[in-house]
Structure formats: C-alpha cells, structure tokens
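Engineer: One structure, pasted below without further comment.
The values are calculated or read from the model by the stated rules, or taken from the named source; none is laboratory data. Just so it is clear, the structure is predicted and the values come from calculations on it, not from any experiment. Reconstructed Cβ throughout: ideal geometry from the backbone, glycine too, with neighbour counts over all protein chains shown.
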Amino acid sequence: MTIPEEMDALVLTGPGTFEVRKEPVPHPGPGEVLCRIRAIAICGSDPEIIRGDIAGYWPPHYPFIAGHEWSGEVVALGEGVTNFREGDRVAGEAHKGCGYCSRCLEGRYNLCRNYMKPETGHRHYGFTNNGAYAQYNAYSVKAITHLPDNLSFREGALIDTAGIVAHAMELTGITPGGTVAVIGPGPIGLIALRLARALGAARTIIVGRKPRLAAAESTADHLVDFESSDPVDTIRTITGDFGVDEAFECSGALGTFNQAVRIVKRGGRIGLLGVPPKDVVEELPFAYIVANEIAVFGSKANPHVAAGVLRLCASKQLPIRDLITHAFPLESFGDALDTFVRRREGALKVVIEPHGPEL
C-alpha cells in the first residue's frame, strides 16, 4: 500500500477552533505500527476537548489532533513488530501505559502513574498524544487489537465505547438471572443494556427521558421516564421493593449516583461510567450505604477487554451496528460535531471516515 508523505488531518488550532489541513504522515517507532484510519466515532469527551474546556491538560498543547474511538488498517511496521502484518484490520484503544510503574505491573495501565509523561512510553491517544481524526496515525501494538473480518470498520470504531462498559461489568460482575438497571440511555447506556443481557442478566431496566428512551424499547424490559415518575419509587415497585442486583450510572448527571444507591438491593453493586462535570458533587446516604453493604466501583477506560468485546460483537451476542446513526467525511467534521452535540435526527454514534465509506 502506497503511503503518502502528507495526509488530511483535523487540527485543533486553539480553544474551539479547528481546521482540516495537510500534516506530515507520522512514522512508526519501535513497537509501533502506522495505521490507515478508516472510521472514528465522536466520543462524549471530544466536544470538551475541542472547546478547550481543560486546555493544557486535554489537549496539552496546540496544534493538536484529537479522536480516540477508531478502527483501520496496518500499513507499515516499526522496528521489532512481529504480531501484526501490513493489511491487518485493527480496532484501537486510547490508553497505553508506561509498562513498568506499579499500576502497569498490576495490569492496570489505565491508571498508569506516569500519565502525561511521554518520555516514559505512556500514551493517551487523542487526549495527551495525537489521535485519530486524521488519515493516518502511529500506534503502539499494545493499543490495537485484530478486527474480525465480519465486523465493519464503523463497528470497529465502537469497540472503545463497548469496552468501557465491559470493564465496568468486570468490576461489578453481573448476577446470572438477576436484574440490572441502567441510568442514562446514551450509547454507553444502550450498550450496557445489551452487554448485561449477554452476560446473564434476566431483566433490564433503563432510566432516561423520552427521546433517548425510544432507542431502548427493543432491549430493556422496563423504561422509566424520570420526567414523569420518580425512578427510585418506580424501580422499587418493579422489583417488589427488593432492588436491582447491579446498577450502572451512565449519565454523569447530578442526583443519579444517589438514585443508583437507592435502587440496588442490599449487598448490591454500582458501576459508575458517567463522567460528571467537575462542579457536580453528589450528596450520598453514607449510613445507608454502610448498613446495606453497597459496593461502588469507579470505572475508567477499557483495559484488557478489547479482544473479548470484539468476539462478542463478531458472534452477534453484542450487536452494535444499529447504534451508528450518522457518518461523515473528515472535511465535514463541523457538521458531524453539531449533529452529535445537538442530537440531530436522533443521533447516537456519529462516525467520521477519513478515507470515505467502506466498500
């Protein structure tokens, strides 16, 4: 495959400003591969990065290339790469730890102690290191996984999102034959419903408002509209006041953490996937949590789950194709971002295709 010297890339030039322009195609270093980016899904964190809400951290500098939910093809190998070949289809993840700090040695590279220290080998693609809103990018082999042939590149771009859910459910567990509640019917919440069922939940409940709840009608056993009923009272009624086995907070909205505490059973487990604004501070029933032995798991990113999630998607046990509602070329990124942020035309996952649609 011929590799050009320059590529089209979406470059953040300052807080809230960006342009598609020519940039040099990066060269893969030792242990890296150069990938031809075929699909990138817009993530809920991307608008924050693009606006420059926490500029100096995400992104650490300007100019910068964001984007971290992607799939593509390997087109060149760096020194020492033996487990990938040119032409391999791959799905990526954002985190690559330093590999030698205490967190990485425990396998928790998503919590690497050398975060934002690129000289240590740490990478957080699309956040602290250039990402996938471009036609090409170089990635560590530790941050890519082979994409099964029966999954499209668009589906491959959702593996990062699905992996976030999978990691949370690894932490909490799923009770076989149990009941799971999900708060927030966005893409992560919708995947949580499906994955909970695939992992053995017998009954699922989702909390949200009408426009997004409609997307869960074919998956959830019970839809709870928080604008028309109290979620805690409603779920307690549905479960005969027993509570749910596991609850997953996927919205980051004020008050939903408290709701999750109130809807789980005694000895229940809560997974926190939603990322709240920094000014959201939740009041919690401390004594109630202690007396009922409620376990709470914060969940960050998607370590060690990509291969398993890809197998679930490839076997159709975890369908995700229908969550992709819109696709745009790279040069139409502004329209794509507006579609995602404003949820135009019922937008769920919006995908960018820097090389055009997959044939």
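Engineer: Could you say whether any residue in the stretch 192-214 is under 19 Å from Met169 (Cβ atoms) and free of Cβ contacts under 8 Å to residues at least 24 places away in the same chain?
Structural biologist: Yes, the stretch 192-214 contains a residue that is under 19 Å from Met169 (Cβ atoms) and free of Cβ contacts under 8 Å to residues at least 24 places away in the same chain.
Engineer: Could you say which residue among Ala260, Ala287 is surrounded by 14 or more Cβ atoms within 10 Å (Cβ to Cβ) and assigned by TED's automatic domain parsing to the domain that holds Arg194?
Structural biologist: On the way: Ala287 fails: surrounded by 14 or more Cβ atoms within 10 Å (Cβ to Cβ).
It is Ala260.
Engineer: Looking at (1) surrounded by fewer than 18 Cβ atoms within 10 Å (Cβ to Cβ); (2) modelled with pLDDT of 95 or more; (3) assigned to a helix (DSSP H, G or I), which is the only condition Pro211 fails?
Structural biologist: (2)
Engineer: Right, next: Of the numbered conditions (1) over 20 Å from Val309 (Cα atoms); (2) over 23 Å from the mean Cα position of the chain (by Cα); (3) part of a loop (DSSP other than H, G, I, E, B), Cys98 satisfies every one except a single condition; which is it?
Structural biologist: Only one criterion is unmet by Cys98, namely (2).
Engineer: So if I check each of Pro118, Pro63, which one is free of Cβ contacts under 8 Å to residues at least 24 places away in the same chain, under 26 Å from Ile3 (Cβ atoms) and not hydrophobic (A, V, I, L, M, F, W, C)?
Structural biologist: Working: Pro63 fails: free of Cβ contacts under 8 Å to residues at least 24 places away in the same chain.
Of Pro118, Pro63, the one residue that is free of Cβ contacts under 8 Å to residues at least 24 places away in the same chain, under 26 Å from Ile3 (Cβ atoms) and not hydrophobic (A, V, I, L, M, F, W, C) is Pro118.
Engineer: Now for a separate question. Considering only the stretch 251-305, state which residues are polar (S, T, N, Q) and either in contact with a Cys (Cβ under 9 Å, 6 or more places away or on another chain) or modelled with pLDDT under 95 (or both). Break it down stepwise before answering.
Structural biologist: Residues of the stretch 251-305 polar (S, T, N, Q): 251, 256, 258-259, 292, 299, 302.
Matches in the stretch 251-305: Thr256 only.
Engineer: Another question, then. Taking Ala39, is it in a loop (DSSP other than H, G, I, E, B), modelled with pLDDT of 95 or more, in the same structural domain as Ala143 (by TED's automatic domain parsing) and not polar (S, T, N, Q)? Quick ask: steps written out before the conclusion?
Structural biologist: Details: in a loop (DSSP other than H, G, I, E, B): no; modelled with pLDDT of 95 or more: yes; in the same structural domain as Ala143 (by TED's automatic domain parsing): yes; not polar (S, T, N, Q): yes.
For Ala39, the condition - in a loop (DSSP other than H, G, I, E, B), modelled with pLDDT of 95 or more, in the same structural domain as Ala143 (by TED's automatic domain parsing) and not polar (S, T, N, Q) - is not met.
Engineer: I'm told Ile320 meets every condition in (1) in contact with a Pro (Cβ under 7 Å, 6 or more places away or on another chain); (2) buried (at least 21 other Cβ atoms within 10 Å of the Cβ) except one. Can you identify the failing condition by its number?
Structural biologist: So Ile320 meets the others, but not (1).
Engineer: Taking Leu151 and the conditions (1) out of contact with any Gly (no Cβ under 9 Å at 6 or more places or on another chain); (2) of a type in the set (A, V, I, L, M, F, W, C); (3) farther than 30 Å from Leu359 by Cα, which numbered condition does it fall short on, given that it satisfies the others?
Structural biologist: Going through the list (1) out of contact with any Gly (no Cβ under 9 Å at 6 or more places or on another chain); (2) of a type in the set (A, V, I, L, M, F, W, C); (3) farther than 30 Å from Leu359 by Cα, Leu151 breaks only (3).
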